[in-house]
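*Asks:* First, the structure itself, so that you have it in front of you.
What follows is calculated from the coordinates using simple rules that are stated; it is not laboratory data. Being a predicted model, the structure only gives us computed values, none of them experimental.
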Amino acid sequence: MAQHAEYIDRMKDASVLETAARLGLEVVVKNGNQSSGSFPCPLCGAKTRHGEKGRGARGACGINHIDTGWNCFQCKARGDALGLVSAALFQKASIKSLRRDQQDEVRAWVQGDRAIDIPKRDASIPKPEPKYPSKSDVQKFLSACTRIELDDEVVSWMHANKIDPVMADARGWASALPASSGHHWAREGRRVIVPMRDVAGDTVSLKARGLVPGSKSHSPKTYSVSKLCFWDPSVSSPSRVIFVEGEKKFMQMSTLYPTARVIGIMNGSVTDEYAKLIPPHAEVWVLTDWNQAGADYATAIYNNALRAHDISKIRLRKGFVANKERRGYRIDLAQEP
Ligand SMILES: [Zn+2]
C-alpha cells in the first residue's frame with residue numbers, strides 16, 4: 001500500500017508528453033516548445049482539438065505549462081500522467097475510477113518492461129505556488145463586515161439552512177457583508193462571508209456565498225484557494241473529524257456537531273498537510289457528495305490526509321460502498337450521522 005502511495009505521488013510529477021509518447025500516441029510539439037505539446041485523446045478518440053486537418057495540427061489534448069496535466073478540448077477529460085495511462089488502457093480518465101485489478105495493471109504498465117522508469121517532467125520549470133490575497137486586504141475586507149446577528153437577511157438564510165447564527169458569530173464561522181457596502185458581492189447578493197483557512201488556522205482568503213438558492217459562491221478573483229478550507233480552529237482535541245464539501249455544509253455540520261472538527265473542502269483543498277488536522281485515534285467521517293466529484297474528493301482525503309493514520313474507524317458516506325467502481329477506498333460500512 002505504502003509503495004502504491006509513493007508511486008502515485010511520483011507519477012503526479014511525471015511528464016505527460018513522455019508518457020503519451022510511450023503509450024504510442026502521436027505527440028506534436030511545435031517549434032521545439034514542449035509546453036505547446038499535444039496528442040490525440042485516448043478517451044474520445046478525437047485527433048485534433050477543433051477538427052483541424054493536415055500535418056502539424058494540434059492534437060485534441062493539450063498539457064499544462066509544467067507538463068504534469070493534460071485535458072482534452074473535445075470531451076473535456078483531464079488528468080495527470082497516471083490518468084493518461086489509465087485512459088489509454090481502460091478508457092477512464094482517472095485511475096481512481098478503475099477497479100483495483102485494473103489499477104494494478106496500469107501500475108504494471110508504467111513500471112514494467114514497457115517503460116524503463118517513470119518519465120520525469122523537466123524539473124527546471126518550478127511548480128507555481130498558489131497566490132493568495134494580501135493579509136491586510138483580507139483583514140480590511142473582514143472589518144467592513146458585520147456580525148451575522150445584525151443582518152436579518154443573513155440570519156434568515158442561516159435558519160433556512162439549519163445553521164446556528166449565534167454559534168456562527170461566536171465562533172467566527174462567517175460574517176455578513178452589509179447590503180449597503182457598495183461592494184459588487186453585496187450587489188450580487190453574495191453576502192455570507194466565510195473565512196478560508198490554511199492548516200495552521202490562519203485566515204488566508206474568503207468565500208462569498210449568495211443568499212439566493214442556486215447562486216454560486218465566489219472567492220477574490222485572480223487569487224488561488226488551493227490548499228485552503230473551511231474549519232474552526234477553536235475546536236480543540238476533537239474526537240471526531242468530519243469532512244464535507246463547501247462552506248454551507250461546513251456550517252451545517254458544525255451546528256449539528258459543535259465539538260467535532262468539521263472540515264469543509266473544495267477542489268484543490270486537500271494536501272498531505274491535512275493529516276495534521278486529524279488527531280490520533282479520532283473517528284473520521286468522510287461525507288462528500290454522492291457523485292463523481294464527491295468520490296474524487298473522498299479519494300483525495302484518503303490518499304493525502306488519512307494515509308498516515310490508523311483508519312480503522314473511518315466512515316464513508318453511505319452509498320459509496322454500493323458502487324463497484326469505488327471499491328478502491330472502501331474501508332468500512334458507513335452510516336449517515
Ligand atoms: Zn477526448
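*Asks:* Can you grab the distance from the C-alpha centre of the range 208-259 to the C-alpha centre of the range 73-98, Å, no decimals?
*Replies:* Each part reduced to its Cα centre gives a spacing of 30 Å.
*Asks:* What is the range 2-111's relative contact order, in percent, from Cα pairs under 8 angstrom and six or more apart in sequence?
*Replies:* Working: 190 pairs, mean separation 24.4, N = 110.
Once divided by the residue count of the range 2-111, the mean separation gives 22 percent.
*Asks:* Given H placed 1.01 Å from N in the peptide plane, which residues other than close sequence neighbours of residue 79 have an amide H under 5 Å from its amide H?
*Replies:* 70
*Asks:* Within the set 47/131; 47/96; 76/227; 53/76, which residue pairs have Cα atoms separated by over 28 Å?
*Replies:* Table pairs above 28 Å Cα-Cα are 47/131.
*Asks:* Under 8 Å for C-alpha pairs, at least 6 residues apart: give me the relative contact order for the range 137-254, rounded to a whole percent.
*Replies:* Dividing the mean separation by the residue count of the range 137-254 yields 20 percent.
*Asks:* Separate question: Would you mind checking which residues have amide H under 5 Å from residue 46's amide H? H placed 1.01 Å from N; only 5 or more apart, or other chain.
*Replies:* Residues meeting the amide H criterion: 41.
*Asks:* Right, something else. May I ask you to evaluate 6.51 cos²θ - 1.76 cosθ + 1.60, the Karplus curve with θ = phi - 60°, for each residue of the range 186-198 and list the ³J(HN,Hα) values in order in whole Hz, giving x for glycine and proline?
*Replies:* Values, residue by residue: 5, 5, 8, x, 8, 10, 8, 9, 10, x, 10, 10, 8 Hz.
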